[in-house]
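**Student:** This is the structure, below, for whatever I ask next.
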Amino acid sequence: MTVRPHALLQDGLLALLLAVIGLFGTRGAAQLQDVPVDAPGFALVVAAAVVLVVRRVWPLATLAAGTAATSAYLIMGYPYGPILISFAVAVFTVAHRLPTKQAAIASATALVATLLHSVVGSSPEGLDGIVPGSAWVVVPFAAGVVLRVTREANARSRAELVRQYAYEERLRVAQEVHDVVGHGLAAINMQAEIALHLLPKRPEQADEALRAISRTSKEALDELRATLAVVRRSDPSGVRAPTPGLARLKDLVDRMGGTGVPVTVEVTGAPRELPAVVDLAAYRLVQESLTNVLRHAGPASATVQVAYEPDTLAITVTDTGRGHGPAKPGGHGLLGMRERVTALGGTFEAGPGPAGGFRVQGRFPL
C-alpha cells in the first residue's frame, strides 16, 4: 500500500501526541479512579500510541498490536484512560482503508480481545463492562466505513465527470470536423462540377474554377488543423489559424459565390464584439446552412440575415431552392446546428421558408 511521506509524518506526529496525552492522561485517570499504574502500564500506553506511526502502511498489523497492548492493559486491571483513544484510532484506520468485510472481521476480533477483561483479570466486570467497551470499537468502525464509502463515491463521481467531459469534448471536436469538412467538400464538389462542365468548351473559365478548388481546399485544411489542435492541446509550430467567427463571413460568402450560389448578407443593428463561443456557433450555423443549400436546394440563391439585438444575436439563413425534404436518418447537419444553439441557451428553428425554399434560424442570448 503506497503512502506519501507527508502522511507518515502526520501519523508520526499523531502517535507522539497520543503518547504524551496517554502518559499524562493515564496518571490523571489513576488518581480519579484510585487505581495505581506502574511502569508496565505506562509502557503499554506508549506502545498502543507508537504503533500508529505505520497505521496507513500496515493497518491490520497496527490494529493487532494496538489490540494486544490495550487488552493486556485492561486485563492487568489498570484504569480506563487515553489508551482507548489510540485503540479507537487503529479500529478507525482499518475500517477506513480496508474492504468492509475484512475490516469487520478484524474489528470483531479486536472487540472480543478487548472485552476479555470483563470476564478475566484482576477485577472482572461482567456484563457491566461489555457495553462501554464495545463502544470503543463500534463507533470508530462505523465512522471509518462511512468516510470510506463517501470517499469512494466521490472518486466515482469525479471519474464520471472526467469521462463525461472527455465525451463532450470529443463530440464538440467531431461536430467541428463535420462542419469544416462537410462545407469544404460540398464547395469543392460544386466547383469541380463547374470545372468539368466548362473544360471542353471554355477552358479559361474552368481554370478559375480550379483555382477556387485550390483556395477552398487550403482554407478548409487550415481550419481543420486549427480544430484538431484542440485534441493535441498544443501546437508545436506555434502557428494557429484564427478562430472562425462572423468577422470571416465575407470569406465564406465569397467561397459560396465561387460555387455558383449567390449569397446576400443583411446586417441589422450595431455590430459588436461577441463572446467567442457565440461567435463561433453563429459562424458554424451560417456555414452549415449554406452547405445544405449546396447539397439540397438545387439552383438557388441564399440570404443571410444577422441581427444584433440588445440581448440577442439572431441568425437567419433563407434560400430560394426546392427545400431540403425530410431529414435523412443518418444526417447530422440540422441536429448539429440545433445542439450548438441550444447548448448556449438559444432557440433553433428549421423548416420551409415563408416564400418557399428553406429557412434556418438561430437566436443566441448574449
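**Student:** Please indicate, with yes or no, whether at least one residue in region 16-35 is closer than 26 Å to VAL149 by Cα, free of Cβ contacts under 8 Å to residues at least 40 places away in the same chain and among the charged types (D, E, K, R). First the steps, then the outcome.
**Tutor:** In the first step, residues of region 16-35 are kept if they are closer than 26 Å to VAL149 by Cα; the result is none.
No; the residues of region 16-35 include none that is closer than 26 Å to VAL149 by Cα, free of Cβ contacts under 8 Å to residues at least 40 places away in the same chain and among the charged types (D, E, K, R).
**Student:** Give me the pairs: first residue in region 352-365 and under 11 Å from ASP319 (Cα atoms), second residue in a strand (DSSP E or B), beta-carbon distance under 6 Å, and six or more apart or on different chains, which are they?
**Tutor:** Filtered contacts from region 352-365: GLY353/THR318; GLY353/ARG359; GLY357/ASP319; PHE358/ASP319; ARG359/THR318; VAL360/VAL317; VAL360/ALA350.
**Student:** Under 23 Å from ILE188 (Cα atoms), part of a helix (DSSP H, G or I) and among the acidic types (Asp, Glu) - does that describe any residue in region 287-294?
**Tutor:** Yes.
**Student:** Please identify the pairs in which a residue from region 147-167 that is surrounded by 10 or more Cβ atoms within 10 Å (Cβ to Cβ) has its Cβ atom under 9 Å from the Cβ atom of a residue that is of a type in the set (Ser, Thr, Tyr), counting only partners at least 6 apart or on another chain.
**Tutor:** ARG148/THR100; VAL149/THR100
**Student:** All but one of (1) open to solvent by 20 Å² or more (accessible area, probe 1.4 Å); (2) over 21 Å from ALA113 (Cβ atoms) hold for LEU60; state the number of the condition that does not hold.
**Tutor:** Against the list (1) open to solvent by 20 Å² or more (accessible area, probe 1.4 Å); (2) over 21 Å from ALA113 (Cβ atoms), LEU60 comes up short only on (2).
**Student:** Another question, if that's okay. Just the residues that are of a type in the set (A, V, I, L, M, F, W, C) and surrounded by fewer than 18 Cβ atoms within 10 Å (Cβ to Cβ), please, taken from region 345-361.
**Tutor:** As a first pass, look at region 345-361 and keep what is of a type in the set (A, V, I, L, M, F, W, C): 348, 350, 355, 358, 360.
Matches in region 345-361: ALA355 only.
**Student:** Sticking with this structure for a sec: Would you say VAL3 is more than 16 Å from THR62 (Cβ to Cβ) and at pLDDT below 90?
**Tutor:** Against the criterion (more than 16 Å from THR62 (Cβ to Cβ) and at pLDDT below 90), VAL3 does not qualify.
**Student:** With the requirement that a residue be open to solvent by less than 40 Å² (accessible area, probe 1.4 Å) and among the charged types (D, E, K, R), what does region 34-57 give you?
**Tutor:** Within region 34-57, ARG55 is the sole residue that qualifies.
**Student:** I need a count of the residues in region 251-286 that are open to solvent by 70 Å² or more (accessible area, probe 1.4 Å), part of a helix (DSSP H, G or I) and over 25 Å from PRO310 (Cβ atoms).
**Tutor:** 2
**Student:** Every residue in region 86-104 that is aliphatic (A, V, I, L, M) and surrounded by fewer than 19 Cβ atoms within 10 Å (Cβ to Cβ), please.
**Tutor:** Result: ALA104, single match.
**Student:** What are the residue pairs meeting all of these: first residue in region 96-114, first residue closer than 10 Å to GLY144 by Cβ, second residue part of a loop (DSSP other than H, G, I, E, B), Cβ atoms under 9 Å, and 6 or more apart or on different chains?
**Tutor:** Within 9 Å, the pairs are ARG97/MET1; ARG97/ARG55; ARG97/ARG56.
**Student:** Further, regarding this structure: Return the only residue of GLY321, GLY351 being outside any strand (DSSP E or B) and either more than 33 Å from the chain's Cα centre (by Cα) or at pLDDT 85 or above (or both). Step through it out loud before you land on a result.
**Tutor:** Details: GLY351 fails: outside any strand (DSSP E or B).
The match here is GLY321.
**Student:** Please work out if PHE364 is under 23 Å from LEU171 (Cβ atoms), open to solvent by less than 10 Å² (accessible area, probe 1.4 Å), modelled with pLDDT of 80 or more and assigned to a strand (DSSP E or B). It would help to see each step written out before you state the result.
**Tutor:** Working: under 23 Å from LEU171 (Cβ atoms): yes; open to solvent by less than 10 Å² (accessible area, probe 1.4 Å): yes; modelled with pLDDT of 80 or more: yes; assigned to a strand (DSSP E or B): yes.
Spelling it out, PHE364 is indeed under 23 Å from LEU171 (Cβ atoms), open to solvent by less than 10 Å² (accessible area, probe 1.4 Å), modelled with pLDDT of 80 or more and assigned to a strand (DSSP E or B).
The values are calculated or read from the model by the stated rules, or taken from the named source; none is laboratory data. Computed from a predicted structure; not experimentally measured. Heads up, the Cβs are rebuilt from the backbone with ideal geometry, glycines too, and the neighbour counts pull from every protein chain shown. Side chains included, ligands, DNA and RNA excluded: accessible areas come from the protein's heavy atoms. Shrake-Rupley method; radii C 1.70, N 1.55, O 1.52, S 1.80 Å.
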